[in-house]
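Read through the structure below, which is laid out as structure tokens, and then see the notes.
The values are calculated or read from the model by the stated rules, or taken from the named source; none is laboratory data. Everything quoted here is computed from the prediction, not taken from an experiment. Every residue, glycine among them, receives a Cβ derived from its backbone with ideal geometry; neighbour counts consider all protein chains shown. Surface areas here come from the heavy atoms of the whole protein model, side chains and all, with no ligands, DNA or RNA. Shrake-Rupley method; radii C 1.70, N 1.55, O 1.52, S 1.80 Å.
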Amino acid sequence: VGLHKCGFWRPKSLLDTARFTLPFNSRHRKKHQDSRALWKHEAVQKYLETLSKEYQQVSRLLNADSINDFEQRTLRKRCADLSPIAAAFQEIKEAEREVQELEAMCRELDSRDEKQLLELALEEKETLDKKINMLCRKLFQLLVPKEKYDRSHVILEVTAGRTTGGDICQQFTKEMFEMYQNYADYKSWTFDIVNYTPAEIGGLHHAAAHISGDDVYRHLKYEGGTHRVQRIPETGLSSRMQRIHTGTMSVIVLPQPEEVDVKVDPKDLRIDTFRAKGAGGQHVNKTDSAVRIVHLPTGLAVECQQERSQLLNKEIALRTLRAKLYQQVIEKQLSQEQSARKLQLGTRAQSERIRTYNFTQDRVTDHRISYDARNIKEILSGKEALDKLINRLLEFAEIEAVTEYLENLQALEGGGC
């Protein structure tokens, strides 16, 4: 049964594309920076009308006696995919009609006697606008296919960059690691420190943590990259002269599926033990409990000093190594599927900063979406302000996904079948 212009069914998902990643560079897309704006686009309306009509047609065909079992299974699957989209589409349309009716009523309510009624109508309109915004976001979430690793746990690593003038990078790296630890607590995730290498003057050189919970990778996948800090150091000559220093730190976010099927030959491993550093209790610097594993063919190295037991640290380090090796497999697959776009899997080029934290201006800027947030302390607390920024990134990624798909669809229709 062919319901599309070219007579074919769309398999797998509504948007036939493997993956959507930041940054978004197309200048003509800047006007669609939120779901409501994209909803109003003519191409989006046309596409959703097509899906709504297809849903009605599929529903009718399901009740026909002439289809065989295979066609019925195919139709049921398509109907299940389209049903929530068609419902959300109609719900938004209905809410917009209510808004138009309220606006028409407001234009007629001019007299003083009707002032209270006008206020009630405006409140109702504001409530409907919020509802439409929420439904638009929900609709585009339905349209965008779920990524394979969105529900996965992650390995998150932070590493201080290098800068002239001392400890600004190490201090910032420590603040960032604590931010993600607080965010995990805010989201009710489990945050297990795997490795922690402190700097001599209170900062942090490198640290890694295993974060588990609901949709961890979905929320953290766009945190991978270079984060820049601009601030006046608290001590030293620069602090007295009010000189601003710039430093960087990098974040790596690796999805860790529950079953990572990567075979590692013991002959390819070099395992070293050493004494743990930093927080960890009385065993620190007294026993060789920390473990470093080097995968000789690739040069990948992982460390773990989380547990008092060397055996447990070795087990955790091996799990982390498998995740990193698995990551290389994922990247190779995705680069083949989508070579024209940059991967956002936590192994980004260090020269490409994704976010700037300007302490003197009390501003955080995400360069990928040209988004500014005030109150750095609120962001670094790892709670609501950070969650708002992360959700803004997710919404923008969904908008980019829908926009790109519609562009491809229009190009296909323009070129014929």
Quick one: LEU82 ticks every box in (1) assigned to a loop (DSSP other than H, G, I, E, B); (2) open to solvent by less than 50 Å² (accessible area, probe 1.4 Å) except a single one, so which number is it? (1)
Since ASP129 meets every condition but one in (1) modelled with pLDDT under 90; (2) open to solvent by less than 90 Å² (accessible area, probe 1.4 Å), which condition does it not meet? (1)
Among the residues of the range 152-173, are any farther than 21 Å from ALA397 by Cα, in contact with a Phe, Trp or Tyr (Cβ under 9 Å, 6 or more places away or on another chain) and in a helix (DSSP H, G or I)? yes
Got a number for residues in the range 54-73 being surrounded by 13 or more Cβ atoms within 10 Å (Cβ to Cβ) and of a type outside the set (A, V, I, L, M)? 6
Tell me the strands (runs of 3 or more DSSP E) entirely within the range 217-335 that contain at least 1 residues that are modelled with pLDDT under 90. 245-256, 269-274, 290-295, 300-304
Does LEU135 satisfy the condition of being part of a helix (DSSP H, G or I), surrounded by 17 or more Cβ atoms within 10 Å (Cβ to Cβ) and not β-branched (Val, Ile, Thr)? yes
Is it the case, given these coordinates, that LEU142 is surrounded by 14 or more Cβ atoms within 10 Å (Cβ to Cβ), modelled with pLDDT of 90 or more and either in a helix (DSSP H, G or I) or over 19 Å from the mean Cα position of the chain (by Cα) (or both)? no
